[in-house]
2 protein chains.
Amino acid sequence: MEKYSFKDFSLHKSFDLGTVTLSEQDIIDYAKLNDPLEFHINKEAAFKSVFKGFVASGSQILNTFHTRSWVKMFGNTIICGLEINNWKFLKPVYANQPIKGKTIIVFFKPNEEKKHCVVTWRYEFTDEKGEFVQTLEITVLHRMD
Amino acid sequence: MEKYSFKDFSLHKSFDLGTVTLSEQDIIDYAKLNDPLEFHINKEAAFKSVFKGFVASGSQILNTFHTRSWVKMFGNTIICGLEINNWKFLKPVYANQPIKGKTIIVFFKPNEEKKHCVVTWRYEFTDEKGEFVQTLEITVLHRMD
């Protein structure tokens with residue numbers, strides 16, 4: 001996994017985050033800790049839900065790309081998070097469904113004096129058909145050193 | 001923890017989510033799984049950061065109120081999440097700092113025919129001074145039965 005610094009940042013630049021496929025067990029384990037709704041952790045409830053099967057908790061796909069890819073690529077440059085907007089849960093993410101992740105810099109404001117820059121990252125998660133399952137924007141304060 | 005149904009929902013109604021105080025270990029354990037940035041998991045890095053101490057990962061306060069309170073109060077009524085907006089990280093949340101949580105219904109649209117309702121929950125998390133540390137809005141599809 002390549003590591004990046006602020007020198008690699010520019011408006012509209014996009015970065016590939018790879019592919020994530022969550023197993024039923026991944027979904028259950030994550031939900032037990034973070035989102036213990038019956039239809040995420042119990043097989044009968046999952047199949048009786050509107051989804052007719054196991055689907056990931058809303059935050060799990062972002063969380064998985066964040067820990068597996070984003071933190072390794074950009075983690076050294078982070079001062080703090082500022083906000084999250086327009087996080088849309090467009091399609092469910094099923095167990096064993098490969099999901100591609102991509103992040104694009106949609107706002108970039110360096111402050112040379114304070115040696116930091118504000119970056120808004122738009123995340124796009126897509127399914128096998130290339131359709132969005134989720135999109136969101138995270139604004140982060142990064143170090144410029 | 002009281003359980004609620006859609007009959008308890010109405011515009012501008014607010015619900016107390018209690019108080020959460022995260023220990024250093026809570027912050028480290030959560031960050032290792034969900035947000036493994038050095039300043040969340042390593043004491044030296046935490047004290048060298050802009051925060052000069054351990055602060056919780058951005059998502060941990062919501063996550064803790066969600067699992068400890070919200071899911072128990074409203075979990076039985078959920079069909080699925082729809083979106084998250086305006087999640088603002090206004091002040092850091094330090095280890096051992098008591099944070100109060102409150103959620104207010106700011107949008108409420110029942111659909112009698114489809115037996116579901118769209119609800120937007122505004123979360124407000126405040127510190128000892130009564131100042132916001134984070135606010136956000138989550139829109140959820142709930143069952144009306």
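Quick note: the coordinates plus some simple rules give every number you see, no bench work behind them. It should be emphasised that the depicted structure is a prediction, and the values quoted were computed from it without experimental measurement. Positions of Cβ are backbone-derived with ideal geometry, glycine not excepted, and every protein chain shown enters the neighbour counts.
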Region A:64-145: relative contact order from alpha carbon pairs under 8 Å, six or more residues apart, as a whole percent, is 37
Label points 7 Å out from Cα along the Cβ direction at A:I104 and A:F132: separation in nm? 0.9
Counting only the backbone N, which residues of region A:100-116 are under 14 Å from the spot 7 Å out from the Cα of A:K13 toward its beta-carbon? A:103-110
Tabulate in residue order the Karplus-calculated ³J(HN,Hα) for region B:27-39, using 6.51 cos²θ - 1.76 cosθ + 1.60 with θ = phi - 60°, rounded to whole Hz; enter x for Gly and Pro. 5, 5, 4, 5, 5, 4, 7, 10, 7, x, 8, 3, 6
What is the distance in Å between the Cα centroid of region B:91-136 and that of region A:48-98? 20
I need the semi-axes of the equivalent ellipsoid of the protein assembly as shown: take the C-alpha gyration tensor, multiply each eigenvalue by 5, square-root it, list largest first in whole angstrom. 31, 24, 18
Interchain or sequence-distant (5+) residues whose placed amide H lies within less than 5 Å of the amide H of A:L82 are A:T139, A:V140, A:L141
Neighbour net charge for A:K32 - beta-carbon separation under 15 angstrom, K R +1, D E -1: -3
Provide the per-residue ³J(HN,Hα) series for region B:53-58, in order, calculated from phi with Karplus coefficients 6.51, -1.76, 1.60 and θ = phi - 60°, each as a whole number of Hz, with x at glycine and proline positions. x, 6, 10, 6, 3, x
Please sort by residue number the trypsin sites (Lys or Arg not before Pro) in region B:64-121 whose DSSP state is loop and whose Cβ has at most 15 other Cβ atoms within 10 Å. B:K114, B:K115
How large is log10 of I(q)/I(0) for region A:14-55 at q = 0.17, 0.31 Å⁻¹ when the intensity is taken from the Debye formula with one equal scatterer per alpha-carbon? -0.48, -1.03
Equivalent ellipsoid, chain A (semi-axes from 5 times Cα gyration tensor eigenvalues, Å): 32, 14, 13
For the pair B:N96 and A:N111, how long in nm is the line joining their label points, each one 7 Å along Cα→Cβ? 3.0
Amide H neighbours of B:K13 under 5 Å, at least 5 residues apart or on other chains, H built in the peptide plane: list them. B:I105
For the A:K52, B:Q25 Cβ pair and Förster radius 35 Å, calculated FRET efficiency rounded to 0.05 is 0.30
Hydrodynamic radius (Kirkwood) for region B:76-145, which is based on Cα pairs only, to one decimal in Å: 13.4
Let me check against my output: what whole-number percent is the relative contact order of chain B, with C-alpha pairs under 8 Å and at least 6 apart? 30
Pairs beyond 21 Å (Cα-Cα), from B:K3/B:K91; A:K52/B:K114; A:K32/B:K102; A:K52/A:K91; A:K114/B:K43: B:K3/B:K91; A:K32/B:K102; A:K114/B:K43
If r is the Cβ-Cβ distance from B:D145 to A:E124 and R0 is 25 Å, what FRET efficiency results, to the nearest 0.05? 0.10
Nearest-0.05 FRET efficiency for B:N76 and B:A45, computed from C-beta distance (R0 51 Å): 0.80
For chain A, modelled as a Gaussian network with Cα springs under 10 Å, which listed residue fluctuates most, A:F47, A:F65, A:F15? A:F47
So who's got an amide H within less than 5 Å of the one on B:H116, skipping anything under 5 residues away but keeping other chains? H placed 1.01 Å off N, in plane. B:N111, B:M144
Tabulate in residue order the Karplus-calculated ³J(HN,Hα) for region B:59-67, using 6.51 cos²θ - 1.76 cosθ + 1.60 with θ = phi - 60°, rounded to whole Hz; enter x for Gly and Pro. 8, 5, 5, 4, 4, 5, 5, 4, 6
Which net charge results for the neighbourhood of B:A45, defined as the other residues with beta-carbon distances under 12 angstrom from its beta-carbon, given Lys and Arg at +1 and Asp and Glu at -1? +1
